[in-house]
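Computed from the coordinates by the stated procedures, all read-outs in this text should not be read as laboratory data. As the structure is a prediction and not an experimental result, all values here were calculated from the model. Note that each Cβ is placed from the backbone with ideal geometry, even for glycine, and that neighbours are counted across all protein chains shown.
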Amino acid sequence: MLTFDHYLTPTTLDEAFDVLDRNPGARILAGATDLLPWAREGRAGDVHLSAVVDISRITQLSGWAMQGQDRITMGAATPIADFEHDAQLRKQVPILAECAVWFADDQLRQQATVGGNLVNASPAGDTQPALLAMNTHVTLARREMGKILERTLPLSEFILGPSKTLLQPGEIMTRLEMDALPTYGVTFKKVGDRRSMLISNVCMATMVRVDAAKRKIEDVRVAIGAVGPTPERLGDIEDLLIGAEPTAALLRRVAGGVADRVRSRTRRTYRREVLCNFVERSLVVALGHAGLVVIRQPKEIGHV
């Protein structure tokens with residue numbers, strides 16, 4: 001159970017830093033969808049905090065806007081539900097809409113935030129592969145000598161391992177910047193141990209853009225999660241496919257080479273088989289959404 005002495009709701013970043021200064025050891029939350037399950041028997045057990053700082057009412061941490069023609073800036077407290085229900089955002093980053101459909105349930109999607117899914121750094125974080133493949137950068141803010149200072153770094157550097165990030169004490173993630181990919185065919189796949197409130201054993205985000213003739217791959221982005229301590233982008237697979245005319249044989253060949261990416265300590269054989277199948281299937285589906293149809297070949301006996 002989580003208990004605390006004070007529940008504080010600042011409405012500006014300065015107010016948030018004020019209450020953090022006055023309450024050493026306070027815990028920041030936005031949606032609390034990870035914090036509350038963590039503070040229970042079997043995980044952290046009973047947890048008592050001096051204060052909880054709810055940053056969900058800080059307006060500058062929510063919402064999104066285009067940055068030029070091909071980048072988006074998004075507040076770190078933007079709810080996951082916005083990916084699904086905001087039609088314009090769904091058009092610009094369709095892969096995040098695909099992620100949202102698989103993310104917990106309707107109620108939790110209303111509460112959970114995109115920044116929280118990164119700061120908590122769960123290996124099973126559903127949005128992490130998609131955001132990684134969109135070349136996302138995160139901005140972290142701190143206050144020194146009365147001034148709010150920011151630093152921005154790639155998401156690929158921010159997450160260090162399970163529950164470990166480069167976020168320092170006293171810092172708040174304020175926003176994300178990512179590529180807009182409105183012309184890409186996309187797919188998100190996920191598998192877990194249970195049917196309700198599925199937690200990933202393997203998850204994967206795939207984005208593909210094809211040429212005007214619908215024959216070649218102009219760009220492809222593939223990233224995986226839940227099979228190792230951090231999400232991973234499959235750059236070698238991308239390099240093999242960019243500029244290629246995709247065939248069923250080519251997609252099966254590249255998919256067969258990803259099994260060694262599984263670094264989880266449990267269910268490794270299962271995860272390897274799922275990952276290889278996901279890569280092949282996701283590429284076929286994403287290419288189809290982009291307008292290039294690849295007919296999958298029947299699987300040979302013994303293929304992983």
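May I ask you to compute the full-extension gain from T152 to T266, defined as 0.36 nm times their residue separation minus their alpha-carbon distance, rounded to one decimal in nm? It would help to have the intermediate numbers written out before the result.
Values: separation 114, 0.36 × 114 = 41.04 nm, distance 3.43 nm.
That pair, T152 and T266, stretches by 37.6 nm at full extension.
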Given a 10 angstrom Cα cut-off, can you work out which residue in A39, A97, A124 is the most mobile in a GNM of the chain?
A39
I'd like the orientation of helix 268-290 relative to the chain: the angle between its Cα long axis and the longest Cα principal axis, in ° from 0 to 90, rounded to 10.
80 degrees
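Counting only other residues whose beta carbon sits under 10 Å from that of L251, what net charge do I get with K and R as +1, D and E as -1? Spell out each step's value before the answer.
On the way: positive: R252, R253, R281, R296; negative: E280.
Result for the local shell: +3.
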Which of the aspartates and glutamates could be linked to K189 by a straight reach, that is with a Cα gap under 17 Å, when you skip same-chain ones fewer than 8 residues away?
E84, E98, D105, D126, E232, E273, E280
At a Förster radius of 41 Å, what calculated FRET efficiency corresponds to the Cβ-Cβ distance of A248 and L160, to the nearest 0.05?
0.60
Rounded to 0.05, the calculated FRET efficiency for the beta carbons of D46 and T9 at R₀ = 22 Å is 0.40
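Find out how many positive minus negative residues lie around T12, taking Lys and Arg as positive, Asp and Glu as negative, among other residues whose Cβ is under 10 Å from that of T12. Don't skip to the answer; put the middle values down first.
Details: positive: R57; negative: D14, E15, D18.
Charge balance near T12 sits at -2.
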By the Cα gyration tensor axes a ≥ b ≥ c (a/c under 1.5 gives rounded; else a/b larger than b/c gives prolate, otherwise oblate), the shape of the stretch 145-304 is oblate
Round to the nearest 10 and give me the degree value, 0 to 90, for the angle of helix 13-22's Cα axis relative to the longest principal axis of the chain.
60 degrees
Ordering 172-182, 265-275, 50-60 by per-residue average of other C-beta atoms within 10 angstrom, highest first, gives 172-182, 50-60, 265-275
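Ratio of the chain's C-alpha Rg to 2.2 N^0.38 Å, to two decimals?
Numbers: Rg = 20.2 Å, N = 304, 2.2 N^0.38 = 19.3 Å.
It is 1.05.
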FRET efficiency, M145 to K214 (Cβ-Cβ, R0 41 Å, nearest 0.05):
0.10
Formal net charge of residues neighbouring H85 (Cβ-Cβ distance under 12 Å; K, R +1; D, E -1):
-2
